[in-house]
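One structure below.
The values are calculated or read from the model by the stated rules, or taken from the named source; none is laboratory data. Please read all numbers here as calculations on a predicted model, not as lab measurements. A quick note on method: Cβ atoms are made from the backbone with ideal geometry, for glycine too, and the neighbour counts reach across all protein chains shown.
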Amino acid sequence: MKEHERPRILLISVGMYGQKYLAEATQKDVGGDVVGVVDVAPNLEEKFPVLREKQIPVYRSLQDFYRADHADLAVISSPIHLHVPMALECLKQGSNVLCEKPLCLTEEETNRLADAAKQAGRFLAVGWQLNFDPAVLALKRDILSGRFGAPKRFRCLHAMRRGEKYYNRSNWAGKITVEGREVLDSPFMNACAHNFQMMTFLLGSTMETALRMASVEGELFRGNPTVENYDIAFLRFLSETGVPLCYYTAHPLKTKNLGQEGRGEFEHAVLTWGKGQPFRVVTDTGEEIIYGKDGDTDMMQKLYDAVSWIRDGGKPLCTPEAGLPHLLAVRMAQTLPVQNIAPARVDWLNEDGDRFPCVRNLEETMKQCAENWALPGELGLSL
């Protein structure tokens, strides 16, 4: 870019998660300027007055925008099943792309998107926000350097309550397919996916890659009877390097947020992390190393980074390849049978104008399994 020229930003879909990008890019100086929004929702200017205040035009399609204007960066926050065609179109039009996770649903799509970015001479970054966290990146560098020895095993418990509003907000929430295309939506695929993807990223053999899984054992459940896919998962993967990764996640909880509670064991150190806590490593010599201050990742760091790469040069570490091992793990988990929780075991909680299914004793079961690196059946527990 020319010196002092500010990157032009296009926001695609601002109705749900995209609201965060719109707020950040219009209320703060992110280093670039929003020159357009693509969204099919009616009366968008009424919902977001900032569009009118800052004279940001709204387009009904990508084609409409690119006929009228151009963008250095396209930020995609559209429904999952639209990510691939939209990312391909933006790259074709010469825009760099920051796409929210999950980028796509197959390895073939991953390779196609990576090739499209290479051919266009543009970057394609995926919004796994923990991969943009300076603390995570510093931790990964130390892991790669061999500072803690070889990894032995990792686990994390991360679950969040979700109710009727969450599932009614779109036509794809909780679904396996929508409009003839896979979405595989579940807590492991979407809302509570970040910590598992981060574990694969931390264990990747380079700064740009993540570690693939070789096999999975698990128990999946459906607590919310209106959900097509599973909404409770107890998973234990074995990676291609022989490192076990356990992950526990769910939506039909009485507790609003359960976890994050993570642990990684190495030959010569133990890593722990949690909500509101930094990444903490204690070595076998008693040395304590803290990464980050309070464990709260800036979710919008990815936007600032993307703008800076365009303005000042650089490239993303969180590429399609970095998200692929998580995607393949999701597909592996999807092959496991799903058990329905008996309705008598599910209480319904009314709170803040929403209605939540709550599986009895789910929190206790998840904590017990995490503490023992186990699945419910191995401990004689049932839901």
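Data overview
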quantity: Some residue of the stretch 134-145 being closer than 21 Å to Val338 by Cβ, in a loop (DSSP other than H, G, I, E, B), at pLDDT 95 or above and out of contact with any helix residue (DSSP H, G or I) (no Cβ under 9 Å at 6 or more places or on another chain); calculated: no
quantity: Close pairs (7 angstrom Cβ cut-off, 6 or more residues apart or separate chains): in contact (Cβ under 8 Å) with a residue 12 or more places away in the chain in the stretch 217-229, of a type in the set (Val, Ile, Thr) and buried (at least 22 other Cβ atoms within 10 Å of the Cβ) anywhere; calculated: Leu220/Ile232; Phe221/Ile232; Gly223/Ile232; Gly223/Val359
quantity: Failed item in (1) buried (at least 21 other Cβ atoms within 10 Å of the Cβ); (2) modelled with pLDDT under 95, with Ala233 passing the rest; calculated: (2)
quantity: Tally of residues being within 16 Å of the chain's Cα centre (by Cα), over 28 Å from Glu219 (Cα atoms) and of a type in the set (A, V, I, L, M) across the stretch 306-330; calculated: 1
quantity: Hey, Glu46 without any contact (Cβ under 8 Å) to a residue 24 or more places away in the chain, surrounded by fewer than 20 Cβ atoms within 10 Å (Cβ to Cβ) and assigned by TED's automatic domain parsing to the domain that holds Lys101 or not; calculated: yes
quantity: Strands (runs of 3 or more DSSP E) (entirely within the stretch 314-383) containing at least 2 residues that are in the same structural domain as Lys256 (by TED's automatic domain parsing) and without any contact (Cβ under 8 Å) to a residue 24 or more places away in the chain; calculated: 346-351
quantity: Counted residues, the stretch 164-212 - those being in contact with a Phe, Trp or Tyr (Cβ under 6 Å, 6 or more places away or on another chain) and at positive phi; calculated: 1
quantity: Residue ranges of helices (runs of 4 or more DSSP H) in the stretch 1-119 with at least 1 members among the basic types (Lys, Arg) and within 30 Å of Lys165 (Cβ to Cβ); calculated: 18-27, 44-47, 50-53
